[in-house]
Structures are given as structure tokens and as C-alpha cells.
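J.: Quick one: the structure is below, questions incoming.
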Amino acid sequence: MRNKKGKSKGNLPIIDEIGKTSDTLSSRGGLSLFVRYFRNIGFAPHIERLFGTIRKNRKGQCVAEIFKQLLCNFIDGTSRHLVYFDSLKGDAGYAGTIESREGSMLSSHAVKRFYNSFSWYRIWLFRYLLQELFIWRLNLKKPDVVELFIDTVVMDNDEAKKRHGVQPTYKDKNGFQPLQMIWGRFIIDTVFRGGKKHSNYGNTVENMVCHMVEKIRKKYRKDVPVIIKMDSGFFDQKLFAVFERLEIGYICSGKMYTDIRNYAGKVDDASWKHYRNKHQVWDYVEFMDKRGSWSQSRRAIYCRPFYDGIQQVIDFAREDTILYTNMGIGQKIDNLLAKVGQLKLLHAEKIIECTHSRGRDELVHRALKDFGSEELPFKKFAPNAAYYYTMVLAFFLFETFKEDVCSSVVSVTAYAVTIRRRIIDCAAKIVKTGGKIIIKVTSATWNALKIDVLWKKSGSPPQFV
């Protein structure tokens, strides 16, 4: 037995020494797919057009190159500390993977100078770019109805020593509270704000919706129905009046006042109807409601959970909700929905279902935090705003990259950590031969990820024009 054991040990491939290689190697080989995608959608010229004037000296890096490295850093996701750029600066394999010269790699000081150079005018250009990306995807998918979701997200910076704009939020954390407009998996517009700015602060929501609806009708389709979904933080007659003037639909959670509860308690059982989804059964009743300060009545749908799974919900444990909408009461949005064959969206069951889909929309906030970072690196508000908008921009391109390139290998609903472990974090060797630069991966990686297919897709994506 002792001889057999010794013989087996002698056959093991034990490593005896460690050494260095002059080969150009990278542990982020998948980034080459994103860089190829970034280059071929034609995004860089738009970056230069909007932000090119930041460059004050020809000796400095062109703005498109800077943005490429910043976006790749977000896609990579290894570190959110700016000093990580100093490590990358000396990594020839990383530089080769993202198609940059070694001498053009950014240092942490260069990144700090870049973000500190942003004025508020340039920061607002990020919103224009996000909106144009949205129109690009909208014209590719051509939906019959555009469903948008508005909400705020808390960026927890509670541990920051001092940050301009870090203020108490409704989650009892100090941080920022940006307002975001979401379409499917995409953040299509956002306003970076201090933590104390509540959901419907000032005229921000009104201006955001007016601008976006105008852009949709101008650059996509003039008669497309637009529906806005909101929670009770946006329950405001002034907003509803704006939406009705814009001839768009809205579905908003209301506030549960005592007189509404009393009215629902007096409704006879025969008037209640059932709405069912996969896991729950809800009772609901419809009526027209006019709050004390309102100038007109609006359609209200009172909902109460009846079954949760297989368990019936008793009265004292119910969390009743009420929804307000202008759909199904003869306004222009009804005619627009009829033209595209979507009259079913006027039914109470579909309105409730549409409201429940807000949970899926809110997952975009979680996906953004998984992709980027809640904690922002600068003390001043303006550079933090520019950093945040860059992160949102990178997140948008990350989502389009998943859809246009990676969908045959990984689900488009996968979080960033899955894409990074499956696609981005693969070993690669960069070889220069015959006047060509070739990136090589192992046969196992080639077969598992279908690299040839991903390479082809990243080379011919939909053009961003």
C-alpha cells in the first residue's frame, strides 16, 4: 500500500518553480468583445461631439479614449476605487485587450482631473446622450405602447466623511437620491439630486416627462400611446393635470385616506371582482374619486389581497391599495390605445397587472447598484454627478451589449456579476504576427462561450446614429 501511494504521488503534476513570461496576457479577455461592440455601434463620435471641448491640450488624451477606459472600468467591475487606474496603467495585457496604447492608459490623477473639469452645462449633456440612446433602442424594438416608470433611488453614502449633497433620505441613510425614468431594463433619463429631495420635488418630474414625451413623439412615432407608472410618492393632482394635457396615460398608487377605507367598507360583496396572478388573488372595486382640492374626478381602483399563495388573507392583515388612472374614462389615451389594438390595457385587471409590474421595474435600481457603486468618490457635488452619469451611461451600454452580443450565451436579465464571471473574466493571450493583432483564448473558453459567434455579433451591432 505504501509503494502504491508513493507511486501515485510521483505522477501528480506538482509545480516546483515560479517564473515570469514576456507574453502579453490578460485575465479580462472578454472586455475585447465590449470594446469591439463600443467601436462598431459608432458611439465614440457622439462622445467627441458633446464632450470634446473638455480637452484643452493636444498632448492630452482624446475624450473618446478617456470615456472608453472609464466605461471599460465599469464593465470590468474589479474595483470602484480610482487608484485602481494606477494598477491598470502598468498592465500591458489590459491595455491590449481594450485596444489602447500602454502610454495612453489613464492614471488615477488623470481621472480625478477629468471629472473635476465638468461644468454643469456639460453634466446635463449626459442626459441628452441617455435620451438619444433610448430613442435608438426604441426605433429598434418598435413597441406599440411605451410604458415608462418613474421612481427615485437612494445612493447610500452614510459612511462618507463629507460629501456635498449627501443628506438624510427616507431610508434613514445619508446619501443622494436621484430621480430615474426607466423603460424595461434601461434607465433612460435621470436627475442627480441630494438626499433630501423627495420623489416629486419641485418641477423636476413634470419637466422630465414633458421633455421625454416630446422626444418620443418627434423621433419615434407621433401617435404612440405613452403610459407612466408611479408610486404614491408622485400622487399629485398637478402632475396628473400635466399628463392629461400631454394626452398620455398614467397609473399611480394613491394614499389610503380614512374616507376611502370607509367607502370601500360599505361596498356590498357582489360589487367586488377578482384579479388573479400566479401567486395571489385580489379583490377590487372601481369608482370615480375626487379629492378635496381636485378640480375633477378620476378613476380609482381599490384593491385588497384575498389569497396569498394558498392562504386566505384575513381582514386585519390586509395591505389595501388604491390606484388612480386616466385610462378607460374616454380621454385621448383611450383612442390611441384603440388604434394599436391595445384596448385590453383599459380593463381594471390589466391596470392592476401593470401596477404589479413596478416590482420588476424597481429591480433596475438593484441591477444598477450591482453593476456600479452606491458610494461616490468625490467631495464636490459636480464631479460626483459626472461620475454617476458615467456609471448610468455604462450601465445602459452594458444592457445593450448583453442584448446585442451575449444573449445567445447568457440571459439578458442576468445581473452584472454573472456577465463578468461568464464573459468578461476569461484568460486571453495577445499576439502580434503578420501585421495583425490576435487575441487567443483556450479551446474550453472558445467552445463554452461560442467566442466566434460573440466576435461576429460584436463586429456588426445595430448602429447608434
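Read-outs throughout are calculated quantities, based only on the coordinates presented, and are distinct from any laboratory measurement. Worth saying up front: this structure is predicted, and the values here are computed from it rather than measured. All Cβ positions, even for glycine, are placed from backbone atoms using ideal geometry, and neighbour counts span all protein chains on display.
J.: Taking 7 Å along the Cα-to-C-beta vector as the label spot, tell me the Lys432-Ser104 distance in nanometres, rounded to one decimal.
T.: 1.4
J.: Provide the per-residue ³J(HN,Hα) series for segment 178-188, in order, calculated from phi with Karplus coefficients 6.51, -1.76, 1.60 and θ = phi - 60°, each as a whole number of Hz, with x at glycine and proline positions.
T.: x, 8, 10, 10, 10, 10, x, 9, 10, 8, 9
J.: I need the shape label for segment 60-197. Rule: rounded when a/c is under 1.5, else prolate if a/b > b/c, else oblate, with a, b, c from the alpha carbon gyration tensor.
T.: Verdict is oblate for segment 60-197.
J.: Quick one: dipole size for segment 120-371, taken about the Cα centre, charges +1 on Lys/Arg Cβ and -1 on Asp/Glu Cβ, in debye to the nearest 20.
T.: Taking the Cα centre of segment 120-371 as origin, the dipole is about 1020 debye.
J.: Now a separate question. So in the chain, what percent of DSSP beta bridges are antiparallel if you round to the nearest 5?
T.: Close to 85 percent.
J.: Kindly state, to the nearest 0.05, the FRET efficiency for Tyr201 paired with Leu125, given R0 = 22 Å and r defined as their beta-carbon distance.
T.: Step by step, r from the Cβ atoms, then E = 0.45.
J.: Convert each backbone phi in segment 267-281 into a coupling constant with the Karplus relation 6.51 cos²θ - 1.76 cosθ + 1.60 (shift: θ = phi - 60°), then list the ³J(HN,Hα) values in order as whole Hz, x for Gly and Pro.
T.: The phi angles translate into 6, 5, 4, 5, 7, 7, 10, 10, 10, 10, 10, 5, 10, 9, 10 Hz.
J.: How many angstrom lie between the C-alpha centres of segment 31-54 and segment 158-209?
T.: Result: 28 Å between the Cα centres.
J.: Can you compute the helix-only [θ] at 222 nm over the chain? Use -39500 (n - 2.57) per DSSP H run of at least 4 residues, normalise by all residues, nearest 500 deg cm²/dmol.
T.: Theoretical 222 nm ellipticity from helices: -12000 deg cm²/dmol.
J.: Non-local amide H neighbours of Asn326 (under 5 Å, H modeled in plane, Pro and chain starts lacking H): which ones?
T.: Distant-sequence amide H within range of Asn326: Tyr250.
J.: Can you pull the one-decimal nm distance between simple spin-label points at Arg221 and Gln463, each 7 Å off the Cα toward Cβ?
T.: It is 2.4 nm.
J.: Want the number for Lys56 to Ser411: 0.36 nm per residue separation, take away the alpha-carbon distance, what's left?
T.: 123.5 nm
J.: Also, quick follow-up: I need the phi-derived Karplus couplings for segment 195-205: 6.51 cos²θ - 1.76 cosθ + 1.60, θ = phi - 60°, integer Hz, Gly and Pro marked x.
T.: x, 7, 6, 6, 3, 9, 6, x, 9, 4, 5
J.: Loop only per DSSP, at most 12 neighbouring Cβ atoms within 10 Å: give me the GluC sites (Glu not before Pro) in segment 1-101, ordered by residue number.
T.: For GluC sites (Glu not before Pro) across segment 1-101 that sit outside H, G, I, E and B with at most 12 neighbouring Cβ atoms in 10 Å, the list reads Glu17.
J.: Based on DSSP, what percent of beta bridges with both residues in segment 120-371 are antiparallel, to the nearest 5?
T.: Counting only bridges with both partners in segment 120-371, antiparallel ones make up about 85 percent.
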